Amino acid sequence: MSEGDPVEAQALRSTQSDGSYGIVEQGKAVSEAAGSGLSQGGARRGIRDLPDLTDRLIQAGIYAEYIVFRNNYLKWRKGSAQGAEGELTASALQFQAQSDPNQFEYWYPTASIFKWRYTMAYWMSISYLIGSYLFTFNAAIEYFRPRGMGVITSEVPNFLGSCLFTLGTYIGYVKLINIATREEEEVTYFFPDCTGMLQRVEVSSVVGTVAYFVGAVFFNIATTATLLPPLTETLRLFVIELTNVLGSIGFVIGGLCELIHNDVFFGGTSWKDPVWWASIANFIGGANFLLGSLPGMTAPMNEGWGLQSFVYLNFMVGSALFIFSSCLMIIMWRANDFGLTLLNQLNFALRSGGVVGVSSSSANRDYVGLRMLMPEEAPSEDASVHKYSLRGAFFIMLYCWFAFVSVANTFFREQQFNHAEEARWLELILLVGMQVFVVVVVILVLVIHSVVAEVPEEQPYFCVLISTRCVLVMGAVVQTIWFVRFWLAYPASHI
């Protein structure tokens, strides 16, 4: 944008090295200008010489507060019983902007906390998506039971998926307990500031977030136990089956809290909003997990195919729904809805219909802050920006699929090894090592995208990022072909 661009003048909230959005400096300018005028003894010439600070107030995002203060002050000067409260000082303006829940600064007081929530929402969505892929893969393996299936193929994907889900729910918990945190350096990772947190969140947010986290931990206990030597029937009932049921109950409670928090059935959100579909998918997916877990407690000795197919079919459908909701979370993240499904207070862009991004001021390159385009300020090419955001979200989903399918093909190597006439350990190690290398490369690309959300226009960065996309797309296609080939090579044993 050019220096005189009105959109940037209204949208850029500058921040200096202290991480503020320019409110303090703009307020000081108001106070200094007012003091300058008073020192003239009220002379008209002094008033005429005062600079017009309207543009600077708009740039700081406090023009509306100034208008309200001015109108109330004029009422008081005309004899009204009640006028403006307080003084139009820098500290008063900053406090007013950061104490109103309808203001952007209330939820994002500094650029550092904006960046932190941006990153946390990203990794939360990524963890859920890859974990859901692994859950679905494991349930499909158990349902179709391909020939040559070993312990690694049947148990490890579930364990990895539960670890990623635990990571995702933990990130959600950390976001919750830091809802009132102002600076990234002040972030706490376990013990919450209950007073500040409860002032800003609803009960549904707290209960839902904690329920998801505790439920994921229970699932982690169960999946870890399956990797241990065989347990006694009594121990298995409590360590695996009961924890699966408790984990599923946690997911159901979390999904129910999402429905309540987002007013899904009471007009708070509509079917046009991603959060509407994500909340419903999470609730139904949790219910499927609960249906799949109950037979382990009610009929632990029944190993008939009919009951087992019911169990794994529910797990497979529930995991597929979690894939769907995770994809929607990535779309929400690209739309700057960093609260996702349980902290809609942070979904500023969702409520306003605007766009938030990190930008530098064209007037002063030392200022770096948040550019917020509201609906009335947004340029006419809004549809293309939305299309671009969806394209960026699609590539991130594709990279997640690439990472998953590479891991899945690693497990299929075990089946290939079990079917081989001769045990070739060196070949197996080399093949698994290559798959691990591919997974690491994809994860590194995902790390880069956690801080580079858009394709830069400068060279050579533009060429590098576009080339990376092309290479990863081709790699994902190749790995997918291998994935399908493995499925066809080892048909289900119960058919």
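The values are calculated or read from the model by the stated rules, or taken from the named source; none is laboratory data. As the structure is a prediction and not an experimental result, all values here were calculated from the model. All Cβ positions, glycine included, derive from the backbone under ideal geometry; neighbour counts span all protein chains shown. For accessibility, only protein heavy atoms count, side chains too; no ligands or nucleic acids. Shrake-Rupley method; radii C 1.70, N 1.55, O 1.52, S 1.80 Å.
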| query | Can you run phi through the Karplus equation (6.51, -1.76, 1.60; θ = phi - 60°) for region 113-121 and list ³J(HN,Hα) in whole Hz, with x for Gly and Pro? | reply | 6, 4, 4, 5, 5, 4, 5, 5, 4
| For region 139-228: rounded, prolate or oblate by the Cα gyration tensor [a/c cutoff 1.5] | prolate
| How would CYS327, CYS470, CYS163 line up by accessible area, probe 1.4 Å, largest first? | CYS470, CYS163, CYS327
| How far is it, in nm, from the label point at TRP425 to the one at MET474 when both lie 7 Å from their Cα along the line to the Cβ? | 3.6 nm
| region 163-292: C-alpha gyration tensor shape, a/c 1.5 cut-off, then a/b vs b/c | oblate
| If Lys and Arg each add +1 and Asp and Glu each add -1, what is the summed charge of the other residues whose beta carbon sits under 12 Å from the beta carbon of SER279? | -3
| note | Given 429-435, 338-344, the highest-first ranking by average Cβ count within 10 Å works out to 338-344, 429-435
| said: Order 226-233, 410-417 from most to least packed using the mean count of other Cβ atoms within 10 Å. | reply: 410-417, 226-233
| request: Over region 171-288, give the accessible area per residue in Å² for a 1.4 Å probe, as an integer. | output: 48 Å²
